[in-house]
Each structure stands twice: as C-alpha cells, then as structure tokens.
1. So the label point goes 7 Å from the Cα of Phe233 along Cα→C-beta, right? Which residues of the range 253-273 then have their backbone N under 20 Å from it?
2. By how many nm would the segment from Ala160 to Ala89 grow when fully extended, if each residue of separation counts as 0.36 nm and the alpha-carbon distance is taken off?
3. Cα-Cα over 21 Å: which of Lys149/Lys211; Lys98/Lys211; Lys98/Lys149; Lys211/Lys249?
4. Counting only other residues whose beta carbon sits under 14 Å from that of Gly158, what net charge do I get with K and R as +1, D and E as -1?
5. Apply 1/(1 + (r/R0)^6) to the Cβ-Cβ distance of Thr214 and Ala172, taking R0 = 30 Å, and write down the FRET efficiency to the nearest 0.05.
Amino acid sequence: MGLYDSLAIPRLSISIPWGADGKKGSLPIVLLAAVPVVLPAAYLAYVLRQGARRTTATTSITPPDPLLGNAKSYKEGGDTLAIPSAVLAAPDRYIVAKEHVVSEAIPLRRILPGLRPGLDGEAERGLLETYLGTTMRMFTWTPQAFAMKSIVSRLPDGAAHANTFSTPYLDACLFEPGDRVCGVYVVREHIVNSSGGERVFLDLSSPEGWKGPTVGGVLDCGVVLEENEGEVFVRFVNQTVMWRTKDEKPTLLEGTVSRWLHTAMVGWMMVRGVEAVTGRDDTTTVKKA
C-alpha cells in the first residue's frame, strides 16, 4: 500500500480545540448540534446517505471506549508519525482517540486529467492538494468554522488568520510545511511516496493570543494507489487524532453524539473532495504548469 499499510483502520477531518461535554468551553459541540437546523432536512439526509455509502469509518480510543467494541487499530507506523513522541512514551498518562475515514475506491481513469499520479505532467496543484483544498472549503461552511473564524479574526494578525478560511487562499494552498489552514491548523509535514501516494499532517496549533481551551490533535490526510485486476484505483484517507491527559476533559471524539456528528461531517467533506477531483464539482479547475 505504501503510505498506508491497511485501509480498514480507525481516522480534513476536522477536529477543533474544545471539549465534548457540551458545557462551557465546548462551543463546537453546540454548533455541531445546530447543523440539522442550518441544513435543509432533505439535503442533510442526502449528505448522510452519500457519506455512509461512499466512505468507511472506524474509531478507536486508547484506553478503549467500551461503546466501540473491538475497534481495529491504526497500522503502518501511523501512530509514530501522527502522535508526538512524548505522548507515545507515556501511554498510561494519555487518552488517544482516532477516527479513520476511507473513501470508496475510485478508478484512476475517473480522476481529472492533470491530477492523475504517474500519468499527467506536473500541475500547479496535485491530486491531494486539490482534494484537501476542497474539503477545507466545505469545512468553512460549517457553524463551528464560522465561530472559529470570528475568534481568530480578533487575535493579533487577525486579518491574515481570517484569510486562511477564504476560498482563494484554500484554492491556492499547496499544503507545504508551515502553511496555516482554517485558522488553527498548521502543516507539519507533506510526504510524497515513490508509489504515487501522498500524506499531509496538519497539527492543531492555536494562533498567538489564543485564550480558549486547547487540545492536542492532528489531521492525517492522504491518498493511496492500489491495483486490482490490472486497473489502478485511488483511495483518500482522512484520520483525525486527538489526545489529552487522563485528568483533562474528554475530547470531541470521545463523546458518542459528537463523534457521530464529526464522522458524518468528515464523510460529507470527503465526498465533496472526491467530486472535485473527478469533475463532478463545477467549481474545480486544474491548471497545467
């Protein structure tokens, strides 16, 4: 598989630095719960159906959450790449929650010309960058993104932070180390595999002046290539990892309702990202270098 050894594992995408109990300091949970009010019922049903049909999601919490049963674990060194060594070195001190969402297999021939790994010349933005830019644009339309943008816009250098939510910014972003995305995410690493796969790690990193609650977390987003009966397929992999010490409040992924809402949102974002790179999203254009 290259970058990911297994796709049936517990992991855009999108976690935010607040708790999961719905009380003070947990604003995003209230906002997530507002999604059904913001979206028309018919469209919400469509979103949930498409996400469930076209993505597969699994979750794990260490120590295990009894509600999850025998959740599979993340493999291929994913833990060592995504999680800080200090957390890995003290498993008795930390709770680590991981949500892993994988797209359906997409034939490479369905990917837009200019984005197909190994078949097209170099484009200004590649397959993963185009996909990620789209998923992040979808995130900016969620209630919690509106709240986050409002908060970061009042911090020092607020205009620049607010700009990281804008469509022109996200459509041009190459997701290189140091790039800030949607206010609170900073690209730590962008790995390109010789097999054509890619992986981007975006750390939760509150801007200077942030006074709200924070939590350790990373978005681990990638694309993998696989072959079946002579045809090459593409899968997109979005993993959200969050960790905390055992005496801190539960994270977003530890609450039953908030976890379900988060998974549904990620599935919707991934479906839109796939539509963008297969030409079903009319807002997507691919420019050749």
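1. Flagged as within label range: 267-268, 270-273.
2. Numbers: separation 71, 0.36 × 71 = 25.56 nm, distance 3.61 nm.
The span from Ala160 to Ala89 would gain 22.0 nm if fully extended.
3. Where the Cα-Cα span goes over 21 Å, the pairs concerned are Lys98/Lys211; Lys98/Lys149.
4. On the way: positive: Lys149, Arg154, Arg180, Lys211; negative: Asp157, Glu208.
That sum, taken over residues with Cβ under 14 Å, equals +2.
5. E(calc), rounded to 0.05, equals 0.60.
Throughout, read-outs are computed from the coordinates displayed, never taken from laboratory work. These figures come from a predicted structure and were not determined experimentally. Note: ideal-geometry Cβ built from the backbone for every residue, glycine included; neighbour counts use all protein chains shown.
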